[in-house]
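Scroll down for the structure; my scribbles are underneath it.
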């Protein structure tokens, strides 16, 4: 039996954690700072819908990760998150390569509130926005 994630030669460090699904999508982590994260995604045919635009499920998945990174940005190696809820608003078709930015608006001891945007990498126009609430949890260490 092949080892799990055998197709992933060199796992990407997603701000202190391994996320095989984000690596499968091709999400590239760029910046994590206090209450902020930024990622980038190159559009590939397997990430599109029937019109050739980025599939809504892809958009929501990369939003979920990027917003959660902002939620745990204060301690990315020791804090994990669980998504409580997320809402996404699509304002235009998401086409081409995109940049995803997220900010943590407020973080308590156990809950964080975040919002983010997706823009084409070559444009400043916002294509989609999202808001999410996360439960903060201690990461298990080996």
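Throughout, read-outs are computed from the coordinates displayed, never taken from laboratory work. Model, not experiment: these values are computed from the prediction. Neighbour counts run over all protein chains shown; Cβ positions are idealised from the backbone, glycine included.
Under the definition of Cα pairs under 8 Å and six or more residues apart, what whole-number percent is the relative contact order of segment 62-142?
Numbers: 180 pairs, mean separation 31.1, N = 81.
Across segment 62-142, relative contact order equals 38 percent.
Sorting 52-62, 115-125 by average packing, meaning the other beta carbons within 10 Å per residue, from highest down gives 52-62, 115-125. Set against the labelled values (1) 44, 43, 23; (2) 83, 48, 28; (3) 49, 36, 33, Cα extents along the principal axes in Å computed from this structure falls on (1). For 87, 37, 73, what's the fewest-to-most ordering of other Cβ within 10 Å of each Cβ? Least to most surrounded, the residues fall as 87, 73, 37.
At 222 nm, what value in deg cm²/dmol follows for the chain if DSSP H runs of at least 4 each add -39500 (n - 2.57) and the sum is divided by all its residues, to the nearest 500? Before the final figure, lay out each step's value.
On the way: 2 runs with 22 residues, N = 142.
After summing the helix terms and dividing by residue count, I get -4500 deg cm²/dmol.
Normalised by the number of residues in the chain, the mean separation of alpha-carbon contacts (under 8 Å, six or more apart) gives a relative contact order of 23 percent.
Among 15, 90, 113, the largest mean-square fluctuation in a Gaussian network model of the chain (Cα springs under 10 Å) belongs to 90.
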